[in-house]
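Right, one structure below, let's go through it.
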Ligand SMILES: [Zn+2]
């Protein structure tokens, strides 16, 4: 089979590999559509997960099942499925403790294009098929389905980590595709006001449609100063961090009310330490909680999030701004993600409708 791979740091290309073997609990799938993620760019050009040789890229797709192991109960060849970017081992002790994403090691639930070949391939392997796949609802097209792999569950997990409640004033830092889904998630959870930090016009337009009411441009002064101005010096109840750097946390702590909560789903690619401002953190006693986490993955979550899209509560169609057709267009789609033209939110490649 052919796959599009990271050959080494900074180099990509097509390679030939054997089709993966299917264990008793596993499934082998072929992608129907695939989406490119900023993480793919981090992985290849920044070497963010370390050096990898001939590793097939990609962790966002929807697919058709082509083979299942003898113990798989709920999926069969020909089924169309949602595929989560995070595919935990559900019988692990970490999963039993409620942290499936860290099954068998920190962040080890992230397997595609990290610990094994990813989905930019004619065929790919899914562990624990009954626990990780979800049936693709017929109301969702293959392009929108790709947003359910990572963008929706990660953006929404930021909202869960921040514990957004009815009537909260929420600050969302970063409105790339993940941050946009955090805006949408905060809105669904009943936030009264959503202040979004971002500058790209295409993202600001989408954020408005997803429920953002106020916008902050970090080029016009510090985030915290602008938040204080917008909130008459009160600050916000919750912060979701979906962009920025290790220094973003200081702004988030300063913008937050005592008793508030920060949910971070940002992938911090560089920097050794995160600094917390002592005074604004209540000299250590401010009850300003900071939670950072990888989304949990798994079938139940995919089914629930899929039903939000299928039943019309969440419109992800604003996300795929660049849609290509056929495997030959994949290198171009990845290149576009790297170059990030002004009008880009997400590139998707459709393989079969
Ligand atoms: Zn992703």
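The table for this structure:
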| quantity | calculated |
| --- | --- |
| Total residues in segment 128-139, condition crowded, with 21+ Cβ neighbours inside 10 Å and either within 15 Å of the ligand (Cβ to nearest atom) or not in a helix (DSSP H, G or I) (or both) | 4 |
| Top-ranked residue in segment 247-269 [being modelled with pLDDT of 95 or more and surrounded by fewer than 16 Cβ atoms within 10 Å (Cβ to Cβ); ranked as farthest from residue 185 (Cα to Cα)] | 247 |
| Scope segment 195-237; condition within 17 Å of residue 155 (Cβ to Cβ) and either touching a residue at least 60 places away in the same chain (Cβ under 8 Å) or in a loop (DSSP other than H, G, I, E, B) (or both); matching residues | 198, 200, 202, 203, 206, 209, 210, 211, 212 |
| The lone exception for residue 95 - which of (1) crowded, with 21+ Cβ neighbours inside 10 Å; (2) in contact (Cβ under 8 Å) with a residue 60 or more places away in the chain; (3) within 26 Å of residue 266 (Cα to Cα) it fails | (2) |
| Matching residues in segment 281-321 - criterion: being under 24 Å from residue 244 (Cα atoms) and touching a strand residue (DSSP E or B) at 6+ places or on another chain (Cβ under 8 Å) | 282, 286, 287, 288, 289, 290, 291, 292, 293, 319, 320, 321 |
| Filter result for residue 204 (away from the ligand (no atom under 16 Å from the Cβ), modelled with pLDDT of 95 or more and surrounded by fewer than 22 Cβ atoms within 10 Å (Cβ to Cβ)) | yes |
| Every pair of residues 6+ apart whose Cβ atoms lie under 7 Å, when the first sits in segment 262-285 and is at positive phi while the second is in a loop (DSSP other than H, G, I, E, B) | 271/245; 271/246; 282/288 |
| Total residues in segment 140-187, condition more than 19 Å from residue 197 (Cα to Cα), under 13 Å from the mean Cα position of the chain (by Cα) and surrounded by fewer than 23 Cβ atoms within 10 Å (Cβ to Cβ) | 0 |
| Single match in 114, 132 (criterion: closer than 19 Å to residue 27 by Cα, modelled with pLDDT under 95 and within 19 Å of the chain's Cα centre (by Cα)) | 114 |
| Pair list, Cβ under 6 Å, 6 or more apart: segment 35-62 residue under 22 Å from residue 174 (Cα atoms) and modelled with pLDDT of 95 or more, other residue part of a helix (DSSP H, G or I) and within 14 Å of the ligand (Cβ to nearest atom) | 35/146; 36/333; 36/334; 36/337; 60/146 |
| Sole exception among (1) crowded, with 22+ Cβ neighbours inside 10 Å; (2) touching a strand residue (DSSP E or B) at 6+ places or on another chain (Cβ under 9 Å) for residue 79, by number | (1) |
| Meets criteria (assigned to a helix (DSSP H, G or I), within 16 Å of the ligand (Cβ to nearest atom) and over 28 Å from residue 277 (Cα atoms)) for residue 145 | yes |
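The values are calculated or read from the model by the stated rules, or taken from the named source; none is laboratory data. All values derive from a computational prediction rather than experimental measurement. Reconstructed Cβ throughout: ideal geometry from the backbone, glycine too, with neighbour counts over all protein chains shown.
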